[in-house]
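Report on one structure; see the data block that follows.
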Amino acid sequence: MLKKSWIGLLAACALAGAAETNLIKNGSFEELDARGVPEAWNLRIDGNEAATDAVWISTTENVQDGERSIMYNNEPKKYRFVTQTVPAEPGKFYRYSILAKVVPVNGDQPCKVKPNIFLEFWSDGKYMGGEYGSMIVGLNTDWVKVTGKATVPPGVKGVSLGFRVTPNGTGDAKVWFDKCELVEAVADVFTGGLATDHYRDQAVAGKVTVYCGRGQGLSPFPEATFADSRLQLIAGEKVILTVPSEKVLSDRLVYSFDAGNLPVGKYTMRVVITAPDGKAYTQDGTFTKLAEEPHYKTTIDTHRRMIVDGKPFFPLGMYMSSIVPKEMEIYMDSKFNCVMPYNSPKDKALMDFLQEHNIRIFYSIKDSVSAKKHDAAATKEMQEKGLARLKEWKNHPAVAAWYINDELAEEFVGDAIQYRQACEELDPDHPTWTVLCRPSEFRAFLNGSDIHGGDPYPIPSGKPQQAYRWTRLMDDAVMGSKMLLMVPQAFCWGHYWVRYGYPIEKCKACRRPSYEEMDAMSWMCIAGGANGLIYYSYTDLQRRDKEGILPRIPFEEHFGELKRVAERIMSHEEVLLSIEEPAKYTVVGNTGGMIALRSYALNGTTWILAVNTSNEKPYSFSLEFKKVMVLEGLTLSEADVKVNGKQLVGTLKPLETVFIKVK
């Protein structure tokens, strides 16, 4: 036993030592080349490499590490950043950071400058996405560490680290950067917390499956240590039940227990891991044994469907700025059944208007955290305002759920969980919804809401496949324990790029997603596990460029295409909401995993949703059933699909989607 412990401890120490190597060259900007530019770094203006740049200046004025730093002295209408190609590898997890110091040029005048550090992924010169994290820094601050983390996706052939200041073209501050680091990270023992396969971790009886998130990166212990972990149920100070792990996966631990014999009440769930050196690591959650099933106005069932007034509901809608009846008349001439306005109604007449037209609202009370100097008092005031709105409208029949988190950074996860708990206590009748934009932070918000979503917006810089990848990443992050309500792209980035200070020619060349892309990305999200979609955004479809820089996109054409997408989805609503058990099959061929698959059943017929996530070329797939099947028909497209005995084979064109009916 002693030998085993020492071996485990030495292995963990070796992993920790390996992870301390900084992969950044000249991270403190000490060495300069002949141009006076820090060695190994590339200066970029409007996306192009620059020989020199008067905005990025090597300096000795403010230094944190060594004798030099690099200063950003902004200039309007120029989008600039600093990058370095780094030896990060697919499948590995990295943490990265840089120190930043912000000083306004006008004393204590308002300053919204945000230092930002990021990783970007490339393959054969094509952008494959990135991990972007930012942190708002208060005025005249001392040095602050700006951080990020990412797992490099499969298929990546090149990785670059960069840093910048946003918004672009803001000349109200100078920013110094120093001590940049990138390391392959040793994992935290736990991440995200505990969750169960029951809504709000409560049940009357039956099997309860418990998921415990593991940290990303190099494992701190041998796998046997995790296999020996245990789950305890604790009432007060007494451990009343202990169960061993059922599964040990790379990103989670799985346990289960029978709730039927437990007395009614609230319990602490505690996962205990004993490290090779004898130290115990614990992760806590709560479980509530109920006397009877609650009857919520809106809930999420064990199939992760939204249940509204006792009936399954597939939310399909759009973000918009506010509820305007004249605009809603246009909006409601569609298959959309819900809406998410940022400026949620304060007027009962507008709420009644939605109810009369059978439109459910995801009511926004999202502005709940003050980022200004991490002001706890300001955050408390903002949450109190949001909760006051919740109390005012919680009994209105138009409310479907509360929108409580719009892309908060991980540093605010504690505030987000606190806010969710307050919402639940004041209104147990409605769930809460979170939308995030940094995949590396998805797991951290596991207990931040009842419904989770991501907002993949890849067009035109990336590939539509991002919609599927992000949905799968979100499903993995919540470990299959939460409903997914995803946010597909339906807007043109160009309007935002103008504000961000991107090159004018790049803004002019920007385009919105095509009909084929919007349709395929929608079905990718559904195939990835989403049980609802809220598109971003109706307001952007109507947006006009005041400066006349961007070509006008006809609203009628754009919205008309999105309506067609909605019609195709809702024509399959009964299938999408069905909980019948589909026929079992094994995927025996799926080149590169490019075909997204999800199965349903309705009235004894199995429906297989298949989407080619590639926008470049056809891909084939094959399935092996346990019994002989007959092809009953196809919907959504006339794809090349054949069934022969127990085998189904198909080839889909780029972005082609098909529903295959077999029996």
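For this structure, a couple of remarks:
- Accessible surface area normalised per residue over the chain is 43 Å², counting heavy atoms of protein chains with a 1.4 Å rolling probe.
- Positive minus negative residues near Gly604 (Lys, Arg vs Asp, Glu; Cβ under 14 Å): -1
- Sulfur and carbon atoms: percent of accessible area, the chain [1.4 Å]: 50
- Listed by chain and number, the lysines whose C-alpha is less than 25 Å from the C-alpha of Lys626, apart from same-chain residues fewer than 8 away, are Lys584, Lys642, Lys646, Lys661, Lys663.
- Among Val649, Thr242, Thr83 the positive-end extreme of the charge dipole of the chain (Cβ point charges): Val649
- Only helices enter this figure: runs of n ≥ 4 DSSP H residues, each worth -39500 (n - 2.57), summed and divided by the residues of the chain, yield -6000 deg cm²/dmol at 222 nm to the nearest 500.
- Where GluC sites (Glu not before Pro) fall in DSSP loop in the range 509-587, at most 15 other Cβ within 10 Å: Glu547, Glu580
- Stretchable slack from Ser322 to Gln542, in nm (0.36 nm times residue separation minus alpha-carbon distance): 77.9 nm
- Cα-centre dipole for the range 387-538 with unit charges at Cβ (Lys and Arg positive, Asp and Glu negative), debye to 20: 540
- For Arg230, net neighbour charge (Lys/Arg +1, Asp/Glu -1) across residues whose Cβ lies under 12 Å away: -1
- Rel. contact order, % - alpha carbon contacts under 8 angstrom, at least six apart, the chain: 10
- Among the GluC sites (Glu not before Pro) within the range 157-254, those in coil by DSSP and having at most 14 neighbouring Cβ atoms inside 10 Å are Glu237, Glu246.
- Relative contact order of the range 143-226, pairs being alpha-carbon contacts under 8 Å that are 6 or more residues apart, as %: 28
- Cα shape, the range 393-438, gyration tensor, a/c 1.5 rule: oblate
- At full extension, Lys247 and Lys145 could sit 33.0 nm farther apart than now, given 0.36 nm per residue minus the alpha carbon distance.
- The charge dipole of the range 159-313, taken about its Cα centre with unit charges on the Cβ atoms of Lys, Arg (+1), Asp and Glu (-1) only, comes to about 300 debye.
- Set of the range 571-602 residues, backbone N closer than 12 Å to the point 7 Å along the Cα-Cβ line of Lys661: 572, 575, 602
- Under a 5 Å amide H cut-off, with hydrogens placed 1.01 Å from N, Thr191 pairs with Gly213, Arg214, Gly215 among residues at least 5 apart or on other chains.
- Cβ charges +1 (Lys, Arg) and -1 (Asp, Glu), total dipole of the chain, debye: 660
The values are calculated or read from the model by the stated rules, or taken from the named source; none is laboratory data. Keep in mind it's a predicted model, so treat the numbers as computed, not measured. Ideal geometry is used to build each Cβ from the backbone, glycine not excepted, and the neighbour counts take in all protein chains shown. SASA here: full protein model, heavy atoms, side chains in, ligands and nucleic acids out. Shrake-Rupley method; radii C 1.70, N 1.55, O 1.52, S 1.80 Å.
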